[in-house]
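Reading through the structure tokens given below for one structure.
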Amino acid sequence: MRILAIRGADLASLAGEFAVELDQGALASSGLFAIVGPTGAGKSTLLDALCAALYNKTPRLDGRSSVKIGRVDEPEELHLSPFDVRALVRRDAVTAWCEVDFEGRDGRRWRARWQTRRARGRVTGRLQEVEQSLM
């Protein structure tokens, strides 16, 4: 598998839409590159987006715990397990998504997409089930 692009919106430290096109510009011709930046810049979030789109889970959120996380001012039923991949959604976001374009071993281009949204289009709404697709 060859990763061609990672795109998304409103995941963890990356507010709004983002795109890393690995098949264009200088990255297209480089065989190796580094993801660098200060704390909170979104380095791990890029890798989370890659894993969420492909597998609906991320190594950073892999584990088990009965503790729920959420804001004090929201009902407990809105709290998530710290290992729920939907915990990547920014607190102020109504929808969040990520997608990965890749070239498979079959030589064809594919796009894996992961997305979720909050109920009734409100920031205070409960996170809905994840939708995934492969095109």
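Residues considered: ARG60, ARG109. Of these, the only one that is in contact (Cβ under 8 Å) with a residue 60 or more places away in the chain and either closer than 17 Å to ILE6 by Cβ or surrounded by 15 or more Cβ atoms within 10 Å (Cβ to Cβ) (or both) is ARG109.
Hey, could you check the stretch 90-106 for residues that are in a loop (DSSP other than H, G, I, E, B) and touching an Asp or Glu at 6+ places or on another chain (Cβ under 9 Å) and say which is nearest to LEU46 (Cα to Cα)? Restricting to residues being in a loop (DSSP other than H, G, I, E, B) and touching an Asp or Glu at 6+ places or on another chain (Cβ under 9 Å), the top hit is ARG90. A count restricted to the stretch 112-135 and to residues that are in contact with a helix residue (DSSP H, G or I) (Cβ under 9 Å, 6 or more places away or on another chain), among the hydroxyl-bearing types (Ser, Thr, Tyr) and either outside any loop (DSSP other than H, G, I, E, B) or crowded, with 18+ Cβ neighbours inside 10 Å (or both) stands at 1.
Scanning the stretch 76-91 for residues that are modelled with pLDDT of 90 or more and open to solvent by 40 Å² or more (accessible area, probe 1.4 Å) yields a count of 1. Here ALA26 passes the criteria (1) more than 28 Å from GLY125 (Cβ to Cβ); (2) small (Gly, Ala, Ser); (3) modelled with pLDDT of 90 or more; (4) part of a helix (DSSP H, G or I) except the one numbered (3).
The values are calculated or read from the model by the stated rules, or taken from the named source; none is laboratory data. It should be emphasised that the depicted structure is a prediction, and the values quoted were computed from it without experimental measurement. For neighbour counting, all protein chains shown are included, and Cβ atoms are generated from backbone atoms with ideal geometry for every residue, glycine included. Just the protein is used for accessible areas: all its heavy atoms, side chains included, with ligands, DNA and RNA removed. Shrake-Rupley method; radii C 1.70, N 1.55, O 1.52, S 1.80 Å.
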